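**Student:** Here it is: the structure, laid out below.
The values are calculated or read from the model by the stated rules, or taken from the named source; none is laboratory data. Since the model is a prediction, treat every value here as computed from it, not as a measurement. Neighbour counts are summed over all protein chains in view; Cβ atoms, including those assigned to glycine, are modelled from backbone coordinates with ideal geometry.
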Amino acid sequence: MKMRKAVSLILAASVLSALVLPGCGSDENSGKTEIEILQYKPEAAAYFDQVEEEFNAAHDDIHLTISSPNDASTIMRTRFIREDYPDIIGIGGDINYSYYVDAGILADVSDYEGLADINPTYVDILESLEIVPTEGTYGVPYVANAAGILYNRDLFEEHGWEIPETWDELVALCEDIQAEGILPFYFGFRDTWTCLAPWNALAVGLAPSDTCQNVNAGETTFSEEYRETAEKCLQLVDYGPDDPFAYGYNDACTAFANGESAMYPIGSYAVPQILSVNPDMNIDSFVMPANNDPSKNTLNSGVDLMFAVTEECKNKDAALEVLDFLLEDDNIQAYIDDQNAIPCKMGDFTLASQLDGMTSFIEEGNMTDYQDHYYPSEMAADALIQTFLINKDVDKFLSDFDTRWQRYNRDIIREVQEYNEEHGSDE
């Protein structure tokens, strides 16, 4: 059965802890329908506490509890295995979502009216994450983030530097910045996960968006699709500190905030950390110009937070009423303001000024999901990329990437190929 298969995947992918949140259905609010949300962003806990308070004040028939624990992903998996399901989960659009859809854990909400207001690009991104095509819609995208290049707007204006729209223009810009005695980039590569930021931003423009699915189907290899991404990622490192692996994420944020580099290839999620160091810093961003044809460039953006009703939820109408509340414009704007996020809902929202340079891509729907959202965590792709950037051996890196993918993705590869044999690979 699918459920058994997915549970074994989840068990293999995580070290189960004994942490278990109390199940829903408490009788302390007798007479009300209990709805529990378990969401994975503890940095937004204050926002969700406020949402919980306001929802409960406005509803006599539903009592909402929102939990935002530090280790929500592990707690979530543990509860699934114990068959102690929250009514709604809040997770990112990544491979965990893929597993949960495949396992039949999530309810089909394709008839939920609120989906009509969601940017179709983000709905499509979630659909693309399905291991095999699965009829229905299983998540409601809430907010997204984006990765490209943050830059010091005042420094650019002072020196008259133009925003690059092609790869050659970016390289020329880095040369000009260096000629002024200024460091073009900080990276923070001591923390392996930061290696994924420039990698993803380049890969979305240089490799097909369905690269991982095509590898699973046996139609291509990463050695074929990722060479240019690897070579250009390595080239960027030349414009950073002498030892980019000596500094972690916090170091890089602090250095950029203090004007020690003109640019920082990272996601929009880093802006609050940077501003905590220098609240007056004038930051903007631009899309990674991975190509010499600007029309081929795309914004690296994915679903940072989505909500899914679990199949075992006993009160789906009440759960959808909670989603209605979360999707009210005022609540989404409050989240955007609090977390420097991008709304997945269409509407007249005010984005942070630090996203000005990416706004046209967002408005046009020219966005492509992070490639690493398809990578199994056991593969440790971030560490693999870090090792490559240290050793600078493109061929070995690509070979290792293919080998690890086959090793850690074998169950999914088997499922995809069996599905394609049965249904045809082009469906």
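**Student:** Taking interchain pairs and intrachain pairs at least six residues apart, which have beta carbon atoms under 7 angstrom, with the first residue in segment 79-91 and touching a residue at least 24 places away in the same chain (Cβ under 8 Å) and the second small (Gly, Ala, Ser) and in a loop (DSSP other than H, G, I, E, B)?
**Tutor:** Correct list of pairs: Asp84/Gly23.
**Student:** May I ask you to list pairs of residues, at least six apart or on different chains, whose Cβ atoms are under 8 Å apart, with the first in segment 124-135 being surrounded by fewer than 16 Cβ atoms within 10 Å (Cβ to Cβ) and the second being outside any helix (DSSP H, G or I) and modelled with pLDDT under 95?
**Tutor:** Pro133/Glu427
**Student:** I'm trying to understand the selection: among the residues of segment 111-138, which are assigned to a helix (DSSP H, G or I), aliphatic (A, V, I, L, M) and farther than 20 Å from Ala318 by Cβ?
**Tutor:** Residues satisfying the conditions are Ala116, Val123, Ile125, Leu126.
**Student:** Looking at the structure I just gave you, is Pro198 in contact (Cβ under 8 Å) with a residue 12 or more places away in the chain, assigned to a helix (DSSP H, G or I) and within 24 Å of Thr229 (Cβ to Cβ)?
**Tutor:** yes
**Student:** I need the full set of residues from segment 178-210 which are crowded, with 22+ Cβ neighbours inside 10 Å, within 11 Å of Pro244 (Cβ to Cβ) and not hydrophobic (A, V, I, L, M, F, W, C), in order please.
**Tutor:** Passing the criteria: Tyr186, Gly188, Thr194, Pro198.
**Student:** Taking segment 272-283 as the region of interest, how many residues are surrounded by 15 or more Cβ atoms within 10 Å (Cβ to Cβ) and out of contact with any strand residue (DSSP E or B) (no Cβ under 6 Å at 6 or more places or on another chain)?
**Tutor:** Selection size over segment 272-283: 6.
**Student:** Can you work out which of the residues in segment 384-427 that are over 13 Å from Phe222 (Cβ atoms) and of a type in the set (Asp, Glu) is surrounded by the fewest Cβ atoms within 10 Å (Cβ to Cβ)?
**Tutor:** Within segment 384-427, the match that is surrounded by the fewest Cβ atoms within 10 Å (Cβ to Cβ) is Asp426.
**Student:** Having 2 or more residues that are within 24 Å of Ile390 (Cβ to Cβ) is the bar; report the helices (runs of 4 or more DSSP H) wholly within segment 201-269 that clear it.
**Tutor:** Per the criteria, 222-225, 227-237, 249-257.
**Student:** So, in segment 361-393, exactly how many residues are among the hydroxyl-bearing types (Ser, Thr, Tyr), more than 25 Å from Pro289 (Cβ to Cβ) and modelled with pLDDT of 95 or more?
**Tutor:** 1
**Student:** Of the residues Ala381, Ala352, only one is surrounded by 21 or more Cβ atoms within 10 Å (Cβ to Cβ) and of a type in the set (A, V, I, L, M); which?
**Tutor:** Ala381
**Student:** Something else about it: Could you tell me whether any residue of segment 171-185 is in contact with a strand residue (DSSP E or B) (Cβ under 7 Å, 6 or more places away or on another chain), aromatic (Phe, Trp, Tyr) and outside any loop (DSSP other than H, G, I, E, B)?
**Tutor:** Looking through segment 171-185, at least one residue is in contact with a strand residue (DSSP E or B) (Cβ under 7 Å, 6 or more places away or on another chain), aromatic (Phe, Trp, Tyr) and outside any loop (DSSP other than H, G, I, E, B).
**Student:** On the basis of being part of a helix (DSSP H, G or I), hydrophobic (A, V, I, L, M, F, W, C) and closer than 17 Å to Leu106 by Cα, does Ile75 make the cut?
**Tutor:** So Ile75 passes the test.
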